[in-house]
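The values are calculated or read from the model by the stated rules, or taken from the named source; none is laboratory data. If you're wondering where the values come from, they're calculated on a predicted model, not measured in any experiment. Positions of Cβ are generated from backbone atoms using ideal geometry, with glycine treated the same way; all protein chains shown enter the neighbour counts.
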Amino acid sequence: MRGGASLVSGLILGLTLRLKLAAKRNELVMAKAGRSNHRYAESKSSVVAAAIAVLNRQGVSRMTLAAVGARLGYTAPTIQYYFNKKEELAAACLMQGIARLGEFLSSADGGSSVRERVGIFLSAYFDFRSRAAQGTVEEFPSFSDARALNILPVYKAYVEMYRRLRGLITDDGVQPQLKLALSSAAHLLLAEVHWTPVWFRKVYPEDSARFGERLFNILVDGIATTGADWTPVQIPVGLAELDSSDGASFEIFLRAACAQINEEGYRGTSVDKIAARINLTKGAFYHHIKTKDEIVLACFERTFDVIRRTIIAAEAVGNTGLQTLATLTTTLVKHQILGNAPLLRASAVDNMSDSDQVVIMTGIDRVVTRIASVISDGIADGSIRSIDAHIGAHAIMALINASDELPYFARGITPVEAVELYVWPVFKGLVPRAQHVSTRSNETN
């Protein structure tokens, strides 16, 4: 019996040792797998960070896996280990940007008022942009190619983030049926955020918070002096005349090109598609223009010229700087929403060559400087508050630039409603407008 017991004890001891060894091996395998997964996640994250930097400078059209790899010392096949196509990588960049916006929104959730929540949101955003400029975090991605990519998960994530933003500017006293006003205000806030890279080019990273506070001041308190008369004058947009002396009008072609690029992005545009919009052959315009980049440059030149003409026309009828600015802004926003002869959105610039980008950004700077001079006139005559004229001009450019997309976010909005619910907040303040809406807007939604 004792011998049998010893045999059983020996078997149990041996089995226990084998189980312990197996468990130890499993632990080692799992630990190795965990380290491997961690390294994979870290490497993939570094690829996305590098891709964002390339995307912001070259757009999806010019971005290549080789260019992304070059920033990391990798080859294109190495990048393909993580992302098979550049479109997948571009989508990952946008998803990361949406996730970052979600983090900023989460940080603002604890605010006790709309004003406080908007302040926290913008502060978090500008702090991140400052750290990105100093290289401590990845860059924030440009969303200029988001629509052209047409990737459903990105679209869904963006819409969900947009709804969270709309909730950020909703007080308990605001009723759900005021959706049109809130949607317009949320689109305005996003428009200002997406435009910031344009003026960040001329800001020291350490000054980001300062200029962020100035933008916050404009958005929540408005441009106009309290009690100032905000009465825009109805004027025509400063469009060029249609000249068909040498065949089909080039202005008609450029109007169609602007509409095509705004709708489908740089990647979704071709001379064939533009010509098809106006029922003409592309050969009719080859003596004017031959490449897509030449088309985009011509569209930007036309856009800058139309804005300049409209500023001059607004100054001719404006009694104060505020009235001139209101006339200019409402005229161009209503024009963009009607969409008959739209201006080109700035989103196309990312896909252009470095030299062309310099030309385009120089044109934007000239327009911004011209608008800033109108704001300075208003500050001098007392109709506009004492604000940073340069940031104020960029705020105006941002809302004009994004106005053609407003109907996608505020369904059914009319040009007249856009003036009240989208333009008015920049002049009178985003916070009061987020809590107020006209009877007409209530009926719409």
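Figures for the structure shown
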{"read-out": "Cβ-Cβ under 7 Å pairs, at least 6 apart or on other chains, the stretch 290-304 side in contact (Cβ under 8 Å) with a residue 60 or more places away in the chain and assigned to a helix (DSSP H, G or I), far side of a type in the set (V, I, T) and crowded, with 18+ Cβ neighbours inside 10 Å", "value": "V296/I261; F300/I360; F304/V367"}
{"read-out": "Qualifying residue in the stretch 316-332 (condition: closer than 20 Å to L254 by Cβ, part of a helix (DSSP H, G or I), modelled with pLDDT of 95 or more and of a type in the set (A, V, I, L, M))", "value": "yes"}
{"read-out": "Number of the exception - V306 against (1) touching a Gly at 6+ places or on another chain (Cβ under 6 Å); (2) farther than 18 Å from F253 by Cα", "value": "(2)"}
{"read-out": "Residue check for A398: in a helix (DSSP H, G or I) and at pLDDT 95 or above", "value": "yes"}
{"read-out": "M95, sole failed condition from (1) hydrophobic (A, V, I, L, M, F, W, C); (2) modelled with pLDDT under 95; (3) under 25 Å from E264 (Cβ atoms)", "value": "(2)"}
{"read-out": "Qualifying residue in the stretch 429-442 (condition: at pLDDT 90 or above, surrounded by fewer than 22 Cβ atoms within 10 Å (Cβ to Cβ), within 23 Å of N217 (Cβ to Cβ) and not charged (D, E, K, R))", "value": "yes"}
{"read-out": "Residue count for the stretch 123-146, restricted to those that are of a type in the set (D, E, K, R) and touching a helix residue (DSSP H, G or I) at 6+ places or on another chain (Cβ under 6 Å)", "value": "4"}
{"read-out": "Residue in the stretch 177-190 that is free of Cβ contacts under 8 Å to residues at least 40 places away in the same chain and surrounded by fewer than 17 Cβ atoms within 10 Å (Cβ to Cβ) present", "value": "no"}
{"read-out": "Cβ pairs under 9 Å, 6+ apart, first in the stretch 33-53 and buried (at least 19 other Cβ atoms within 10 Å of the Cβ) and at pLDDT below 90, second aromatic (F, W, Y) and part of a helix (DSSP H, G or I)", "value": "none"}
{"read-out": "Residue within the stretch 324-339 that is under 20 Å from P415 (Cα atoms), surrounded by fewer than 18 Cβ atoms within 10 Å (Cβ to Cβ) and in contact (Cβ under 8 Å) with a residue 60 or more places away in the chain present", "value": "yes"}
{"read-out": "Hits in the stretch 364-398 (condition: hydroxyl-bearing (S, T, Y) and either crowded, with 24+ Cβ neighbours inside 10 Å or in contact with a Ser or Thr (Cβ under 7 Å, 6 or more places away or on another chain) (or both))", "value": "S383"}
{"read-out": "Criterion violated by L215 - all others in (1) crowded, with 20+ Cβ neighbours inside 10 Å; (2) modelled with pLDDT under 95 satisfied", "value": "(2)"}
{"read-out": "Subset of the stretch 419-430 [out of contact with any Ser or Thr (no Cβ under 7 Å at 6 or more places or on another chain) and assigned to a helix (DSSP H, G or I)]", "value": "W424, P425, V426, F427, K428, L430"}
{"read-out": "Count of residues meeting criterion [touching a residue at least 40 places away in the same chain (Cβ under 8 Å) and assigned to a loop (DSSP other than H, G, I, E, B)] in the stretch 191-206", "value": "1"}
